[in-house]
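The values are calculated or read from the model by the stated rules, or taken from the named source; none is laboratory data. What you see is a predicted model, and the numbers here were worked out from it, not measured in a lab. Note: ideal-geometry Cβ built from the backbone for every residue, glycine included; neighbour counts use all protein chains shown.
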Amino acid sequence: MMHPTFHVNSPEGEMWSRERTLALWLNRGIGHNRFERFVETVSLDGHVGVVAGREVVRPSTDSIAGQRRADGGHAVERRFTNVWLWKDGRWWFFARHANETVARPPAP
């Protein structure tokens, strides 16, 4: 489903190509013990679709995110944007951005 020129701006602060992303999935560099997605908006214009919202994930301990975090595998909230492209009679996953949500102080 990934377009050949797919890229992700990852929560690790790196740009990953389609090949790098697939290799990480296959080698458990990307892995979650929990994954929930909450879509907040979907926009379509011509041949482009954008899905955005938040995700709650618990990285597996052997994943890149799990190894980076020292919190015992607690859940992490992220913001995400996925871009889809209609081409050749199908939807292609074209680009993704995800980042961990920064905790905000409570409103006064």
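I want to confirm something. Restricting to the range 41-53 and keeping residues that are over 14 Å from residue 98 (Cα atoms) and in a strand (DSSP E or B), which single residue is farthest from the chain's Cα centre (by Cα)?
Result: 45.
When 34, 104 are checked against the criterion of being assigned to a strand (DSSP E or B) and either in contact with a strand residue (DSSP E or B) (Cβ under 9 Å, 6 or more places away or on another chain) or modelled with pLDDT under 95 (or both), a single residue qualifies: 34.
Matching residues to (1) surrounded by 12 or more Cβ atoms within 10 Å (Cβ to Cβ); (2) on the phi > 0 side of the Ramachandran plot; (3) of a type outside the set (A, V, I, L, M, F, W, C):
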| site | (1), (2), (3) |
| --- | --- |
| 12 | yes, no, yes |
| 33 | yes, no, yes |
| 36 | yes, no, yes |
| 40 | no, no, yes |
| 46 | no, yes, yes |
| 49 | yes, no, yes |
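Within the range 84-99, take every residue that is part of a strand (DSSP E or B) and of a type in the set (D, E, K, R) and give me the one that is nearest to the chain's Cα centre (by Cα). So that I can check it myself, show each step before the final result.
Quick first cut of the range 84-99, residues part of a strand (DSSP E or B) only: 84-87, 90-99.
From what is left, the residues that are of a type in the set (D, E, K, R) are 87, 90, 96.
Numbers: 87: 22, 90: 21, 96: 6 Å.
Applying the filter and picking the extreme gives 96.
Filtering the range 2-24 to residues that are without any contact (Cβ under 8 Å) to a residue 24 or more places away in the chain and within 15 Å of residue 96 (Cα to Cα) leaves 4, 13, 14, 15, 16, 17, 18, 19, 20, 21, 22.
Looking across the range 18-29, just one residue is crowded, with 16+ Cβ neighbours inside 10 Å and farther than 26 Å from residue 86 by Cα, and that is 29.
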